[in-house]
1. Once label points are set 7 Å from the Cα along Cα→Cβ at both I3 and R16, what is their separation, rounded to one decimal in nm?
2. Which of the peptides 41-52, 24-35, 72-83 is most tightly packed, and how do the rest follow, judged by the mean count of other Cβ atoms within 10 Å per residue?
3. In deg cm²/dmol, rounded to 500, what helix-only [θ] at 222 nm does the chain give when every DSSP H run of at least 4 residues adds -39500 (n - 2.57) and the total is split over its residues?
4. What number does the chain give for Rg over Rh if you use C-alpha atoms and the Kirkwood radius?
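Read the figures in this text as sums done on the coordinates, not as results from a lab. The structure displayed is predicted, hence computed values, not measured ones. FYI the Cβ positions are ideal-geometry reconstructions off the backbone, even for glycines, and counts take in every protein chain you see.
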Amino acid sequence: LLIKNQSVVTSGIYERTFEWQGKTYHHIFDSQTGFPVQSELASLTIVSQESLVGEIWTTRLFGTEATTIIREVEATPGLEGIVITTDGRTANTQGLRFRT
């Protein structure tokens with residue numbers, strides 16, 4: 001990913017996990033249930049001018065459908081995004097198409 005004077009923030013469920021009674025848990029929790037969020041996402045990356053902005057957006061959007069994430073990030077000035085699903089599909093915003 002080619003960037004200059006920008007921040008790249010990634011949240012994902014592929015590293016910090018543990019298994020209990022045959023079920024794998026991760027560290028990103030659903031604010032409504034208090035349990036790990038159920039999601040098709042393995043990771044969500046936000047490119048922005050400031051790391052705090054990227055952190056807020058990855059936290060807010062994680063657990064949302066990949067197509068909805070891309071659409072919402074596309075509609076927000078100053079943000080770009082990359083989504084990777086648990087089955088290996090990837091999607092990214094138009095602004096990143098020629099920057100990788």
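1. 1.9
2. Values: 41-52: 19.0, 24-35: 11.4, 72-83: 17.1.
Ranked from most to least packed, the peptides come out as 41-52, 72-83, 24-35.
3. Working: 2 runs with 20 residues, N = 100.
Taking each H run of at least 4 residues, the total per residue is -6000 deg cm²/dmol.
4. Working: Rg = 13.9 Å, Rh = 14.0 Å.
My calculation of the ratio gives 0.99.
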